[in-house]
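*Asks:* Dumping the structure here so I can ask a few things about it.
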Amino acid sequence: MIQRIQTFYLALVTAACILMFFFPMATYIHDVRGTYVFFVYGMKYLMEPPVVVSFWLIFPLLFLTAATGILCLVAIFLYKKRKLQILFVSIAFFLQIILITSVFLFYMNHFDQLLQVEHSYRFGVFIPLVSLGFLILANRAIKKDESMVQSADRLR
């Protein structure tokens with residue numbers, strides 16, 4: 001039964017993970033150095049000189065975002081194995097928590113110090129928070145289905 005509500009929530013989380021690649025997380029504006037935009041996949045500069053950002057510095061963000069999206073996509077098709085689906089959603093939840101804390105505690109401070117300018121948050125930084133809420137809702141719905149199936153098994 002792929003038409004359950006948790007499928008919708010998991011699809012929204014997958015879509016949110018894809019959207020994170022298109023929306024910036026922060027903008028750094030400096031009068032002399034130019035404007036820099038921070039995405040999940042790296043730093044884009046709108047004017048020269050460029051800031052060199054190592055791939056390995058950004059790799060955890062890429063990994064956490066892609067892993068969350070893939071786990072939720074796989075969890076959609078595990079509707080017959082609800083316990084495994086709960087496990088996948090719990091792992092995705094844990095990865096989202098790591099992503100949110102690393103963005104707010106490490107990456108924003110790191111780029112503040114690197115560019116020596118304050119940041120302004122953009123829409124992309126709030127997408128993981130929204131997807132975290134949808135993961136919570138999906139987990140509740142899966143657990144509700146599991147308890148309903150177990151109660152039906154007791155009646156047989």
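*Asks:* Within the range 147-155, is even one residue free of Cβ contacts under 8 Å to residues at least 12 places away in the same chain, part of a helix (DSSP H, G or I), β-branched (Val, Ile, Thr) and surrounded by fewer than 18 Cβ atoms within 10 Å (Cβ to Cβ)? Even if it seems obvious, please write down each step before you answer.
*Replies:* We begin by selecting, within the range 147-155, every residue free of Cβ contacts under 8 Å to residues at least 12 places away in the same chain; these are 147-148, 150-155.
Subsequent filtering for residues that are part of a helix (DSSP H, G or I) retains 147-148, 150-155.
When the remaining residues are screened for being β-branched (Val, Ile, Thr), the result is none.
Among the residues of the range 147-155, not one is free of Cβ contacts under 8 Å to residues at least 12 places away in the same chain, part of a helix (DSSP H, G or I), β-branched (Val, Ile, Thr) and surrounded by fewer than 18 Cβ atoms within 10 Å (Cβ to Cβ), which makes the answer no.
*Asks:* Is there a residue in the range 51-67 that is farther than 20 Å from ALA16 by Cα, touching a Leu at 6+ places or on another chain (Cβ under 7 Å) and not in a strand (DSSP E or B)? Walk me through how you get there before you give the answer.
*Replies:* First, the residues of the range 51-67 that are farther than 20 Å from ALA16 by Cα: 51-57.
From the residues that got through so far, the ones that are touching a Leu at 6+ places or on another chain (Cβ under 7 Å) too are 51.
Still in the running and not in a strand (DSSP E or B): 51.
Yes, some residue in the range 51-67 is farther than 20 Å from ALA16 by Cα, touching a Leu at 6+ places or on another chain (Cβ under 7 Å) and not in a strand (DSSP E or B).
*Asks:* Right, next: Are any residues in the range 62-104 among the polar types (S, T, N, Q) and buried (at least 20 other Cβ atoms within 10 Å of the Cβ), and if so, which ones?
*Replies:* Hits for the range 62-104 are THR65, THR68, GLN85, GLN96.
*Asks:* For the condition among the small types (Gly, Ala, Ser), under 30 Å from SER147 (Cα atoms) and at pLDDT 85 or above, what is the one hit in ALA75, ALA66? Spell out the reasoning first.
*Replies:* Details: ALA66 fails: under 30 Å from SER147 (Cα atoms).
The unique qualifying residue is ALA75.
*Asks:* Then there's this: Can you tell me which residue within the range 107-132, out of those that are without any contact (Cβ under 8 Å) to a residue 60 or more places away in the chain and in contact with a helix residue (DSSP H, G or I) (Cβ under 9 Å, 6 or more places away or on another chain), is nearest to VAL13 (Cα to Cα)?
*Replies:* LEU132
*Asks:* Report yes if some residue within the range 1-10 is among the β-branched types (Val, Ile, Thr), outside any helix (DSSP H, G or I), closer than 30 Å to PHE88 by Cα and modelled with pLDDT of 85 or more; otherwise report no.
*Replies:* So the first thing to find is which residues in the range 1-10 are among the β-branched types (Val, Ile, Thr), and the list is 2, 5, 7.
Keeping just the survivors that are outside any helix (DSSP H, G or I) gives 2.
Going one step further and asking which of them are closer than 30 Å to PHE88 by Cα, we end up with 2.
Now narrow it down to the ones that are modelled with pLDDT of 85 or more: none.
The answer is no; no qualifying residue exists.
Yes/no matrix, rows are residues, columns are (1) out of contact with any Phe, Trp or Tyr (no Cβ under 6 Å at 6 or more places or on another chain); (2) under 30 Å from GLY34 (Cα atoms):
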| position | (1), (2) |
| --- | --- |
| LEU87 | yes, no |
| ILE91 | yes, no |
| ARG122 | yes, yes |
| LEU129 | yes, yes |
| LEU137 | no, no |
| ASP145 | yes, no |
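*Asks:* Say we look at the range 119-142 and pick out the residues that are assigned to a helix (DSSP H, G or I) and surrounded by fewer than 16 Cβ atoms within 10 Å (Cβ to Cβ); which of these is modelled with the lowest pLDDT? Step through it out loud before you land on a result.
*Replies:* Within the range 119-142, the subset assigned to a helix (DSSP H, G or I) is 123-125, 127-142.
If we keep only those that are surrounded by fewer than 16 Cβ atoms within 10 Å (Cβ to Cβ) as well, we get 123, 129-130, 133, 136, 140.
Numbers: PHE123: 89, LEU129: 93, VAL130: 94, GLY133: 94, ILE136: 95, ARG140: 93.
That would be PHE123.
The values are calculated or read from the model by the stated rules, or taken from the named source; none is laboratory data. What you are looking at is a predicted structure, and each value in this text was computed from that prediction instead of being measured. A quick note on method: Cβ atoms are made from the backbone with ideal geometry, for glycine too, and the neighbour counts reach across all protein chains shown.
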